[in-house]
Amino acid sequence: MVKAVVGANWGDEGKGKITDMLAGQADIIVRFQGGSNAGHTIVNDYGKFALHTLPSGVFYGHTVNVIGNGVALNVPILMKEIDSIVSRGVPAPKILISDRAQMVMSYHILLDQYEEERLGKNSFGSTKSGIAPFYSDKYAKIGFQVSELFDETSLRNKVERVCVQKNVMMEHLYHKPVLEPEKILQELMGYKEMLTPYICDVSAYLWDAVQEGREILLEGQLGSLKDPDHGIYPMVTSSSTLAAFGAIGAGIPPYEIKKIIVVCKAYSSAVGAGAFVSELFGSEADELRRRGGDGGEYGATTGRPRRVGWFDCVASKYGCRIQGATDVAFTVLDVLGYLDEIPVCVAYDIDGEITTDFPVTSKLDRAKPVIEKLPGWKCDIRGIREYEKLPENCRRYIEFVEKKIGFPITMVSNGPGRNDIIYR
Ligand code: GDP
């Protein structure tokens with residue numbers, strides 16, 4: 001069976017933890033979109049890890065970990081990440097990389113940096129990992145696919161063509177040093193050497209695995225609201241964050257995705273710019289940020305403080321719907337145990353009109369949160385394993401949210417560890 005684990009919100013919902021947990025029963029874990037721009041934090045028997053490119057199944061000896069064609073593959077970062085987990089005692093993971101994946105080039109990273117610099121106060125808050133220039137080039141058909149590394153003559157020609165185009169920008173828009181085709185070719189040859197042991201016809205491999213009835217997990221990055229089509233465009237990422245895209249980014253039939261586990265965080269957090277209706281500021285924000293996640297809400301890739309806010313029923317209902325949730329995993333609930341009362345954003349007020357439908361960006365910018373307060377439970381719920389043992393007000397919060405979002409919360413996560421989970 002194929003299951004997708006994806007985010008309902010702005011990312012950082014705890015997908016890594018849920019994937020790591022579900023990977024115990026899975027055979028294959030597939031990354032199908034995004035690149036090294038976001039991180040998953042995983043806490044398990046080997047310690048605490050921040051993964052950026054590797055699938056979250058790499059900590060089990062029995063799993064095969066796949067980088068699908070939809071991923072923005074940063075080869076040096078991937079290699080560094082493999083070394084970093086192996087050097088901490090994790091057995092060398094089995095990794096397959098799609099021959100149709102494309103590679104993030106050093107100039108994508110430079111262009112990302114230069115463009116953010118040029119935009120100044122209008123910047124996107126990019127992680128400067130080259131993701132937007134990478135996907136732009138992919139769809140402009142001037143990206144480099146892994147399979148292209150094996151025909152040096154056409155590779156050389158393409159590198160020259162690409163450099164002509166890029167150098168116009170380097171010279172005239174950014175006033176930076178131009179690219180040298182020979183160096184770019186060397187970069188690609190270096191990637192070829194590093195990738196060769198892992199290259200695979202991934203869609204054929206996954207087709208066979210599906211026929212054999214193997215358990216496959218598709219692991220998404222970021223969340224619904226960062227999707228380029230359905231998110232808060234233009235403050236989005238550059239590849240689809242939706243479960244539906246799992247079929248494309250892994251190369252499997254869409255009808256094989258039987259379960260869509262949408263990870264939804266018990267309060268809100270976001271990195272980067274863009275509308276955030278239930279955002280908190282000042283000391284209330286500082287306290288939630290300090291207590292949030294596992295050791296505070298700071299980006300796993302950048303270390304940047306995350307923006308935080310109360311749970312947003314409007315955004316989460318939409319986030320679950322656009323993913324096509326069959327199950328909701330409600331995470332980081334333990335963090336809210338300090339509050340006497342828990343404010344929840346239940347609707348938006350847009351120019352005096354109250355709505356629970358998530359609007360397009362131009363309207364979202366004018367939305368104000370309609371807040372309802374629920375009683376807190378004022379205790380630590382970590383370690384509880386049965387739903388009925390949760391404090392009554394805590395169950396009330398879960399059931400309130402479930403009703404507002406309209407999708408079943410089948411898992412509640414009450415700690416960062418693999419076993420901190422309550423099944424309903
Ligand atoms: P991802 O990108 O969706 O995997 O999310 P991140 O890893 O960026 O952020 C989630 C953070 O919350 C990480 O530090 C996790 O270890 C932590 N986390 C996940 N689930 C829980 C939970 O139920 N409770 C607490 N306290 N922390 C959690």
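No value in this document is a laboratory result; all are computed from the given coordinates. Predicted model, so just to flag it, every value in this text is computed and none were measured. Every residue, glycine as well, gets a Cβ built from its backbone with ideal geometry; the counts of neighbours run over all protein chains shown.
Note down the net charge around Val262, summing +1 for each Lys or Arg and -1 for each Asp or Glu among other residues with Cβ under 12 Å from its Cβ. Let's see the in-between values first.
Details: positive: Lys3, Lys15, Lys259, Lys265, Lys317, Arg321; negative: Glu13, Asp327.
Around Val262, the charge tally is +4.
Quote to one decimal, in nm, the extra length available between Arg161 and Ile248 on full extension: 0.36 nm per residue of separation minus the C-alpha distance between them.
On the way: separation 87, 0.36 × 87 = 31.32 nm, distance 2.83 nm.
Net length gain for the segment: 28.5 nm.
Provide Ile67, Ile131, Ile199 in ascending order of the number of other Cβ atoms located within 10 Å of each residue's Cβ, fewest first. Don't skip to the end; give the middle numbers.
Details: Ile67 27, Ile131 24, Ile199 17.
Starting with the residue having the fewest Cβ neighbours, the order is Ile199, Ile131, Ile67.
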Inter-label distance for Leu119 and Thr355, nm, one decimal - labels placed 7 Å from Cα along Cα-to-Cβ: 2.5 nm
Size of charge dipole - the chain - debye, nearest 20, with Cβ of Lys, Arg +1 and Asp, Glu -1, no other charges: 240 debye
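Starting from the Cα gyration tensor of region 339-424, multiply each eigenvalue by 5, take the square root, and state the resulting semi-axes largest first in whole Å.
Numbers: eigenvalues 182, 42, 25 Å².
After scaling each eigenvalue by five and taking roots: 30, 14, 11 Å.
Give the average over all directions of the projected area of the C-alpha convex hull of the chain, one decimal, in nm².
Details: hull surface 81.1 nm².
The directionally averaged projection comes out at 20.3 nm².
Stretch Lys373-Arg290 to full length: gain in nm at 0.36 nm per residue minus the Cα-Cα span? Show your work: numbers first, answer last.
On the way: separation 83, 0.36 × 83 = 29.88 nm, distance 2.15 nm.
Gain in length upon complete extension: 27.7 nm.
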Student exercise, region 102-197 dipole from Lys, Arg, Asp, Glu Cβ charges, in Debye to nearest 20: 260 debye
Low-density loop cleavage sites - trypsin sites (Lys or Arg not before Pro) in region 43-96, where at most 11 other Cβ are within 10 Å (DSSP): Arg88
Residues Cys163, Cys394, Cys264 arranged by fewest to most Cβ contacts within 10 Å: Cys163, Cys394, Cys264
Region 252-308 and region 158-198: distance between their alpha carbon centers, rounded to Å: 35 Å
For Gly376, residues with placed amide H under 5 Å, excluding near neighbours: Glu341, Ile342
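Looking at the square roots a ≥ b ≥ c of the eigenvalues of the Cα gyration tensor of region 1-137, which shape do they give, rounded for a/c under 1.5, prolate if a/b is larger than b/c, or oblate?
Verdict is prolate for region 1-137.
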Relative contact order (%) - the chain, alpha-carbon pairs under 8 angstrom, separation at least six: 20 percent
Relative contact order (percent, whole number), region 102-197, Cα cutoff 8 Å, 6+ residue spacing: 25 percent
For Val43, net neighbour charge (Lys/Arg +1, Asp/Glu -1) across residues whose Cβ lies under 10 Å away: -1
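Calculate, in nm to one decimal, what Ile77 and Val168 gain on full extension: separation in residues at 0.36 nm each, minus their alpha carbon distance.
Working: separation 91, 0.36 × 91 = 32.76 nm, distance 2.79 nm.
Stretched fully, the Ile77-Val168 segment lengthens by 30.0 nm.
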Summed side-chain charge close to Phe150 - residues other than Phe150 whose Cβ falls under 11 Å, Lys, Arg +1, Asp, Glu -1: -3
Rounded to whole Hz, the Karplus (6.51, -1.76, 1.60) HN-Hα couplings of region 388-393, x for glycine and proline: 5, 7, 5, x, 4, 5
Residue order, fewest to most beta carbons within 10 Å, for Ser203, Ser413, Ser123: Ser123, Ser203, Ser413
Distance histogram in 10 Å bins (all Cα pairs of region 111-179, percent per bin): 18, 45, 29, 7, 0
Nearest-ten-degree value, helix 106-119 long axis tilted from longest Cα axis of the chain: 60 degrees
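Relative contact order, percent, of region 33-163 when contacts are C-alpha pairs under 8 Å separated by at least 6 residues? Spell out each step's value before the answer.
Values: 192 pairs, mean separation 28.5, N = 131.
Rounded, it is 22 percent for region 33-163.
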DSSP bridge orientation in the chain - percent antiparallel, rounded to nearest 5: 40 percent
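Is region 175-230 best put as rounded, prolate or oblate by its Cα gyration tensor, with a ≥ b ≥ c the root eigenvalues, rounded for a/c under 1.5, and otherwise prolate when a/b is larger than b/c, oblate when not?
Values: a/c = 4.22, a/b = 1.46, b/c = 2.88.
Because a/c hits 1.5 or more and a/b fails to exceed b/c, region 175-230 counts as oblate.
Please list, by residue number, every one of the GluC sites (Glu not before Pro) in region 346-394 that is coil in DSSP and has at most 15 other beta-carbon atoms within 10 Å. Display every interim value, and only then the final one.
Details: sites: Glu353, Glu372, Glu386, Glu388, Glu392; in loops: Glu386.
In loop regions of region 346-394 (DSSP not H, G, I, E or B), the sparsely surrounded GluC sites (Glu not before Pro) are Glu386.
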Sparse-neighbourhood loop sites, trypsin sites (Lys or Arg not before Pro) in region 323-377 - DSSP loop, at most 14 other Cβ within 10 angstrom: Arg366
